[in-house]
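Here's the structure, in structure tokens; my notes come after.
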Amino acid sequence: MAGAFEGKRGLVLGVANKRSIAWAIARRLADGGASLAFTYQGERIESTVRELAASIDSPLVTECDVRADEDVARVFGEVGEAFGGELDLLVHSVAFAAAEDLEGRFTDTPRDRFWLAVDVSAYSLVACARAAEPLMEKAGGGSIVTMTYLGGERAVPHYNVMGVAKATLDASVRYLAWDLGAKNIRVNAISAGPVRTLAARSIAGFTTMEDIVEERSPLRRHITADDVGSAAAYLLGEGAGNVTGTTLYVDSGYHAMGM
Ligand code: NAD
Ligand code: 0WE
């Protein structure tokens, strides 16, 4: 695969640590020769993200809280400066819901935390795609990948408001694909099975979910962040040149089952 992303410039949102799905994707792109900028949220993870980014010679690491329009505007300004006004690849791997809304009843989700989940996990893709558009247009086109989950299409116990946010994200992928397709910008999602990341580890019953995947998925095994990295490399690469507005499942086939 070495060389598949030679000369390509990308921005990766959503690295928190070495287990992050975003980091697995970044490593694959960097192995292929891509130059990658990174954003992190909050000082708590800044040093971790800086160290990881330095290991692949990243030209830019900068803070971004995707809820803040001014952060998004500043970040894409800095990305433009780092990459001569052009951008080829965007990896969006960001989600958040209040911990208390990922347990108990969806019915009890209050208004402010409903919109928090949708804001961070879905609207952020729209904001980033809009900001990336002129940079990708200047590059002659681009490719955007976001991370979704089956809980946006089916009711997965406890996924709750995150499921509603993922449904919004999934629909946003299709509408962005239509708008940006005219500029040769592709927009796709990867629907991953459970992966033991920072965001997943704290979830009660995660081990039970992994057991269910092992028992009921056609391949009867878990997926890894590296599996997602491979799928992202495909969607972001030349090989997927006419693929847009779609969801690629990396879930051992779990989504295909009815029981
Ligand atoms: P992670 O915790 O490593 O990544 C989540 C990232 O979201 C973190 O880097 C965090 O800093 C960032 N984030 C949260 N709120 C933010 C904000 N306001 N502004 C900017 N960044 C913010 O966990 P992960 O599992 O790698 O999650 C990445 C993506 O993959 C998410 O969209 C998640 O829904 C999706 N996903 C995860 C799994 C899984 O089982 N781990 C499965 C399918 C999809
Ligand atoms: O998208 C996700 C998890 C995203 C997530 C995780 C957290 C934990 C910490 C969003 N917000 C938060 N907020 C926190 O405070 N996944 C696909 C992993 C996941 O989470 C679940 C799952 C699966 C799978 C929650 C309940 C049920 C299944």
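Mean separation of Cα pairs under 8 Å and 6+ residues apart, divided by the residue count of the range 1-82: what relative contact order is that in percent? Show your work: numbers first, answer last.
Working: 128 pairs, mean separation 22.4, N = 82.
Averaging sequence separation for qualifying contacts and normalising by length gives 27 percent for the range 1-82.
The residues neighbouring Arg216, those whose beta-carbon lies less than 12 Å from its own, together hold a net charge of -3 under the Lys/Arg +1, Asp/Glu -1 convention. Site pair Trp115 and Phe206 shows an inter-label distance of 3.0 nm when each label is modelled 7 Å from Cα along Cα→Cβ.
Test of understanding: what is the full-extension gain from Glu6 to Arg196, defined as 0.36 nm times their sequence separation minus their Cα-Cα distance?
Numbers: separation 190, 0.36 × 190 = 68.40 nm, distance 3.04 nm.
Value of the extension gain: 65.4 nm.
Where does the longest stretch of the chain lie that holds no GluC sites (Glu not before Pro) found in a DSSP loop with 15 or fewer other Cβ atoms within 10 Å? If you can, show how the numbers build up before the last one.
Details: sites that count: Glu6, Glu103, Glu153.
Free of exposed loop sites, the longest segment is 154-259.
Working from label points 7 Å from Cα in the Cα-to-Cβ sense, the Ala155 to Arg216 distance is 1.4 nm. Ignoring aspartates and glutamates fewer than eight residues from Lys18 along the same chain, the ones with Cα atoms less than 18 angstrom from its Cα are Asp31, Glu43, Glu46, Glu51, Asp57, Glu63, Asp226, Asp227.
Counting only other residues whose beta carbon sits under 9 Å from that of Met136, what net charge do I get with K and R as +1, D and E as -1?
-2
Sparse packing (at most 10 other Cβ atoms within 10 Å of the Cβ) combined with a DSSP loop state is found for the following trypsin sites (Lys or Arg not before Pro) in the range 153-259: Arg154. Taking the helices alone, the chain has a mean residue ellipticity at 222 nm of -13000 deg cm²/dmol, built from -39,500 (n - 2.57) per DSSP H run of at least 4 residues and averaged over all its residues.
Specify the inter-centroid distance of the range 38-94 and the range 124-183, based on alpha-carbon positions, in whole Å. Each part's Cα centre sits 18 Å from the other's.
Taking a ≥ b ≥ c as the square roots of the eigenvalues of the Cα gyration tensor of the range 146-259, is the shape rounded (a/c under 1.5), prolate (a/b larger than b/c) or oblate? Judged from the Cα gyration tensor, the range 146-259 comes out prolate (a/c at least 1.5, a/b above b/c).
For the range 37-76, what is the convex hull (Cα atoms) projected area averaged across all directions, in square nanometres? Intermediate results must be reported in sequence, preceding the final value.
Working: hull surface 10.5 nm².
The directionally averaged projection comes out at 2.6 nm².
Straight-line reach from Lys138: taking Cα to Cα under 19 Å and skipping same-chain neighbours fewer than 8 places apart, the aspartates and glutamates in range are Glu6, Glu78, Glu81, Glu86, Asp88, Asp179, Glu238.
Which FRET efficiency, nearest 0.05, do Met259 and Thr107 yield, Cβ-Cβ r, R0 22 Å? The value I calculate is 0.25.
Taking max minus min of the alpha-carbon positions on each principal axis, the chain gives extents of 49, 39, 37 Å, largest first. A convex hull fitted to the Cα coordinates of the range 34-158 yields 126 cubic angstrom per residue.
None of the figures in this text is laboratory data; all of them are computed from the coordinates on show. Model, not experiment: these values are computed from the prediction. Glycine gets a Cβ as well: all are built from the backbone with ideal geometry, and neighbour counts include every protein chain shown.
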